[in-house]
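One structure is given below, encoded as structure tokens.
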Amino acid sequence: MVRTADLSLESGWLGPDNSLCVRAQCCVRQADGLNINSEYNTKQETGYIGLKNHGATCYMNGLLQSLFHVGEFRKIVYSIDCDEPLGAPGKDDPAGHEGQLSKGPIGGSQGADEGEGKAPPLIQALQNVFYKLQTSDQAVDCRELMKSFGWDTMDAFTQHDVQELNRILCDRIEEQMKGGPMDGSIKRLFEGEMENYIECIDVDYKSRRNETFYDIQLNIKGERGQELRSIEESLREFTAEETLEGDNAYEAEGHGKQRAKKGIRFLTFPPVLNLQLKRFHFDLEKMDMVKLNTRFEFHKRLDLSGLAPNAGVYLLYAVVVHSGDVNSGHYYAHIRPDLEGGWLKFDDDTVTPCSEYAAVDDNYAGNDLMLWNYFERSRREIQTVQVPSRPRIHNAYMLVYIREDQAAQILMPPDPRVTNLKMVERCDRDVRLAEQRRREKVEQQLQIKIKIVFERDLCKMLGFWDHTEIPHSHTIKMGRDQHVRDLAAEVEALVDVPQINIALFSLQYRSNPRQVRFSFLPLTSTFRANIPQYTAPHFDASDPHLVVLCIAASAFDPRSLKLLPAAKSPDELSKWVDDQVILLVVKYFCPASRKIVTLGCCYIQQNDNLIAMITCGWVADRLQPYVASKDVQPIPAEAFAAGQDAGALWECWEEFSERDIQQRSVKRSFRNEQLWTGDVVVWQIASPGARTGE
């Protein structure tokens, strides 16, 4: 509050004619901020799309966007023919050339996806990304490109060096084009040349060494510790001469120690000039890496004519920004795809328009003034106190300039069909395959594949029980939330057996004992409720499915599923009561042939004795085809004609596993012998010793 006594001309609160002067403070916050909602369409609003972030890949996204919008670079990438098969190691495979990218010191941002499959060659992966950026309506996935670098999932969450990534991309492309019509085009676009020189002052002796560069690394903090304020000032320091004299004099061949001038001269600048600002600096006092947030100015026009012959004027095209500190942060890019148009902010998968101030001035760094209550200070204190401020942690990290007289040609977007029709056809084919896989994945999430097994299929199984070898006749896809009765209707249409005479059983995992057996499927249950757990031994993550056994009433022939001529009214299995009736998978072991054959599935009352399967004639009927085919020896007639005394002639074993088979009493009930639906039993003729009680 201000007291009325303080409202005077001297205090500054009153103006002429006793008008009241109001003090206000105004500062910019998030100059590039734009409130967007879920309905915002990047392509419709800006004409461009973004790149997905896969963990800490925001720096890569910013670099790729700055390269993509250089039309000449995109044309070079498109022009390369990639004939290597997918996943084959080629000469552009980083893992077989210079190794994987090294990891940088700077953190990244959030969000990750998982990718599967082999990595394509780097050039092919880059073509895929660029083509999708030009033709797609959705943010582009970069996982294939990351794999082509030799990265694994953890590398996606680790920040790598942007300068090294840029160099590797350019080197691979240049290497791929050797001997071709585009050979040297990358160098002509990005490569400049400088001269390192040492010239003696007192004698005629000079040492010169030329080297090329793809980018120039500019100091924010000078070699002597001073703060550099602009590109021009940093370039002057970069090319500043150093005098070698005294103890540091130069050893000139044939002249001994001599005073000399040492420095760097630029010979040529490339059409596309990359400037990396050295924001990250090793502090000798802290003995640690720090980020320099001091103000460093750059402008839309950069005149380099004084630094190299015919250098000319360059126009600012892209500003790659780092927001954060040395340990964590986020990258995004401001780009002018058309130098006559406005600026756009490319922030991973979001592209928004932004002002020139947001793209340029707001990224000089420096300090932002903080709001503070100066009413609590006296007039004298206000004049002398240091206004509180905080460092601006979002600032330019890499700048891309384009030579003004070549800008229109360099930025002109290429027509991929004209540049490389073969690449376009391959990319379109890949897009169609990816869309097909996406639809299949969605379908897999909504539907479930059901492998239908009939009793005649089980009869093909020989030997011990193996749930992985169960044959099936048909495959049907059903909605996961559909009911089992819907499948019963499908089966009725398939085999012409009425639904009321059908019972369905699905393969399920039992934990005690650990085994996979068939279990009754109530008609009112859904398939989702019966899908095996991920950890179940019969769950196939690559092909999720249900194995469903369809059992027809005993009045139907198990092989033809036709109603038997002399059969009475078929059982209504749709009224199955699982605690009263059980279904067993029944086998027979022939001691002579040493074969175990599957007789089929027998449903029977739980309170019946096991020997009822013999006395009712079920086992005899099912053995006939195997006896006829001589897979098993004929069974003595008395084995089936002995009535209840047949119990002395037969043995029944329950199969738990190949190594665990336990005998069951044939004169006791299924319930008392603890046999349940899905159990596997094996019958055999009792050995002579067992018949006599030995």
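The values are calculated or read from the model by the stated rules, or taken from the named source; none is laboratory data. Treat the numbers as computed from the prediction; the structure is a model and nothing was measured. FYI the Cβ positions are ideal-geometry reconstructions off the backbone, even for glycines, and counts take in every protein chain you see.
Could you list, in sequence order, the residues of the stretch 565-600 that are loosely packed, with under 14 Cβ neighbours inside 10 Å and farther than 22 Å from residue 465 by Cα? Working first, answer last.
If we filter the stretch 565-600 for residues that are loosely packed, with under 14 Cβ neighbours inside 10 Å, which is where we start, we get 565-569, 575, 577, 579-580, 591-594.
Result: 565, 566, 567, 568, 569, 575, 577, 579, 580.
A quick yes/no check of all residues on (1) of a type outside the set (Lys, Arg); (2) touching a helix residue (DSSP H, G or I) at 6+ places or on another chain (Cβ under 7 Å); (3) outside the structural domain of residue 495 (by TED's automatic domain parsing); (4) under 24 Å from residue 462 (Cα atoms):
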{"position": "560", "(1), (2), (3), (4)": "yes, no, no, yes"}
{"position": "570", "(1), (2), (3), (4)": "yes, yes, no, no"}
{"position": "582", "(1), (2), (3), (4)": "yes, no, yes, yes"}
{"position": "585", "(1), (2), (3), (4)": "yes, yes, yes, yes"}
{"position": "589", "(1), (2), (3), (4)": "yes, no, yes, yes"}
{"position": "594", "(1), (2), (3), (4)": "no, no, yes, yes"}
{"position": "603", "(1), (2), (3), (4)": "yes, no, yes, yes"}
{"position": "611", "(1), (2), (3), (4)": "yes, yes, yes, yes"}
{"position": "623", "(1), (2), (3), (4)": "yes, no, yes, yes"}
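Mind checking which residues of the stretch 218-235 are under 18 Å from residue 400 (Cα atoms) and touching a helix residue (DSSP H, G or I) at 6+ places or on another chain (Cβ under 8 Å)?
Residues of the stretch 218-235 under 18 Å from residue 400 (Cα atoms): 218-220, 230-235.
Within the stretch 218-235, 218, 219, 220 qualify.
Can you confirm whether the stretch 355-374 contains a residue that is part of a strand (DSSP E or B), closer than 27 Å to residue 410 by Cα and over 26 Å from the mean Cα position of the chain (by Cα)? Break it down into steps so the answer makes sense when it comes.
If we filter the stretch 355-374 for residues that are part of a strand (DSSP E or B), which is where we start, we get 367-369.
Filter once more, so that each one left must be closer than 27 Å to residue 410 by Cα: none.
No.
Which residues, counting only those in the stretch 496-516, are surrounded by fewer than 18 Cβ atoms within 10 Å (Cβ to Cβ) and either part of a strand (DSSP E or B) or touching a Phe, Trp or Tyr at 6+ places or on another chain (Cβ under 9 Å) (or both)?
509, 510, 511, 513, 514 - these are the residues of the stretch 496-516 that are surrounded by fewer than 18 Cβ atoms within 10 Å (Cβ to Cβ) and either part of a strand (DSSP E or B) or touching a Phe, Trp or Tyr at 6+ places or on another chain (Cβ under 9 Å) (or both).
Looking at residue 146, is it within 30 Å of residue 411 (Cβ to Cβ), over 24 Å from the mean Cα position of the chain (by Cα) and at pLDDT 65 or above?
On the way: within 30 Å of residue 411 (Cβ to Cβ): yes; over 24 Å from the mean Cα position of the chain (by Cα): no; at pLDDT 65 or above: yes.
No, not satisfied.
Can you pull out the residues in the stretch 556-584 that are under 24 Å from residue 517 (Cβ atoms), out of contact with any Ser or Thr (no Cβ under 6 Å at 6 or more places or on another chain) and not in a loop (DSSP other than H, G, I, E, B)?
Answer for the stretch 556-584, where residues must be under 24 Å from residue 517 (Cβ atoms), out of contact with any Ser or Thr (no Cβ under 6 Å at 6 or more places or on another chain) and not in a loop (DSSP other than H, G, I, E, B): 556, 573, 574, 575, 581, 584.
I'm trying to understand the selection: among the residues of the stretch 433-463, which are assigned to a loop (DSSP other than H, G, I, E, B) and loosely packed, with under 15 Cβ neighbours inside 10 Å? Lay out the reasoning, then the answer.
Taking the stretch 433-463 first, the residues assigned to a loop (DSSP other than H, G, I, E, B) are 459-461, 463.
Once the filter is applied, which keeps residues that are assigned to a loop (DSSP other than H, G, I, E, B) and loosely packed, with under 15 Cβ neighbours inside 10 Å, the stretch 433-463 yields 460, 463.
Just need a number here: residues in the stretch 266-284 that are over 19 Å from residue 240 (Cα atoms), of a type in the set (A, V, I, L, M) and in contact (Cβ under 8 Å) with a residue 12 or more places away in the chain. Reasoning before the result, please.
Taking the stretch 266-284 first, the residues over 19 Å from residue 240 (Cα atoms) are 270-274, 279-284.
Add one more test, that the residue is of a type in the set (A, V, I, L, M), and what stays is 272-273, 284.
Of the ones still in play, those that are also in contact (Cβ under 8 Å) with a residue 12 or more places away in the chain are 272-273.
Total meeting the criteria: 2.
Rundown of residues vs (1) basic (Lys, Arg); (2) crowded, with 20+ Cβ neighbours inside 10 Å; (3) at pLDDT 75 or above, yes/no style:
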position: 11; (1), (2), (3): no, no, no
position: 20; (1), (2), (3): no, no, yes
position: 29; (1), (2), (3): yes, no, no
position: 38; (1), (2), (3): no, no, yes
position: 45; (1), (2), (3): no, no, yes
position: 50; (1), (2), (3): no, yes, yes
position: 54; (1), (2), (3): no, yes, yes
position: 58; (1), (2), (3): no, yes, yes
position: 65; (1), (2), (3): no, yes, yes
